[in-house]
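Report on the structure given below.
The values are calculated or read from the model by the stated rules, or taken from the named source; none is laboratory data. Note that this is a predicted model, so its numbers are computed, not measured. With ideal geometry, Cβ positions are generated from the backbone for all residues, glycine too; neighbour counts draw on all protein chains shown.
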Amino acid sequence: MFDDEVWEAMFAHAKEDYPAECCGMITADADGHHAVHRGENIQNKLHEADPETHPRTSTEAYRMNDMHVLRIQQDAEQAGGKLVAIYHSHIDFDAYFSKEDQRAALFDGEPAYPGIVYPVIPVKKGEVDSRGRKVFQLHDDETDSHGQKVVRVFQWDEDTLTFKQAVDSDDQKMFQGDDETSQSE
Ligand SMILES: [Zn+2]
């Protein structure tokens, strides 16, 4: 799915922003090479401005500026590439796709960014269990032996209309050119 450099960039971001959830985007260029774009988690700003509407702080949720996401997506598409992922971290909690995460990934009940995947990076006591980067390559039942303590990647499932854990066979379809040596920026 992503090469080690891309995973390490996400893990470094997650560790730096601890104990706030980090969030960001991954784009692919025309050749399928990935780049990591850090986003700003504006959840605390929303919470401070209106705690009733936004009861969660940035330790419990993430929100990216929609215009920032749109700009990154448009820049990628203009260069012949595309937005392929939105990642975020969980603070001292397991990697699962929460109700909040689903709300953030949907628009009117449909995927807000069709075709992208959502890596979720659990940070425990400031550390990322990096074994997790391999977990998405296993099948659902195999991941159970790791529990939910490691990184997991979620994607929209058209059959069930829910977000499910991504498995390798789906990755092949979505991430062309991964077999080549790819460099992240
Ligand atoms: Zn989350």
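Being surrounded by 22 or more Cβ atoms within 10 Å (Cβ to Cβ) and within 19 Å of ASP101 (Cβ to Cβ) is the filter here; which residues of segment 14-29 pass it? Selection gives ALA14, GLU21, CYS22, CYS23, GLY24, MET25, ILE26. Being acidic (Asp, Glu) and within 30 Å of ALA28 (Cβ to Cβ) is not true of GLU48. Residues of segment 83-100 that are of a type in the set (Ser, Thr, Tyr) and in contact with a Gly (Cβ under 9 Å, 6 or more places away or on another chain): TYR87 alone.
Per this entry, ARG131 is not counted among residues that are farther than 14 Å from ILE26 by Cβ, more than 12 Å from the ligand (Cβ to nearest atom) and either at pLDDT 90 or above or under 12 Å from the mean Cα position of the chain (by Cα) (or both).
Residues of segment 79-90 being closer than 15 Å to ALA35 by Cα and either more than 13 Å from the chain's Cα centre (by Cα) or within 13 Å of the ligand (Cβ to nearest atom) (or both), which ones?
Taking segment 79-90 as the starting set, the residues that turn out to be closer than 15 Å to ALA35 by Cα are 79-87.
Within segment 79-90, ALA79, GLY80, GLY81, LYS82, ILE86, TYR87 qualify.
Considering only segment 46-55, I want to know if a residue exists there that is closer than 23 Å to PHE97 by Cα and in contact (Cβ under 8 Å) with a residue 24 or more places away in the chain. No, that holds for no residue.
Of all the listed residues (PHE97, PHE93), the sole one being within 16 Å of the ligand (Cβ to nearest atom), closer than 11 Å to PHE154 by Cβ, modelled with pLDDT under 95 and aromatic (Phe, Trp, Tyr) is PHE97.
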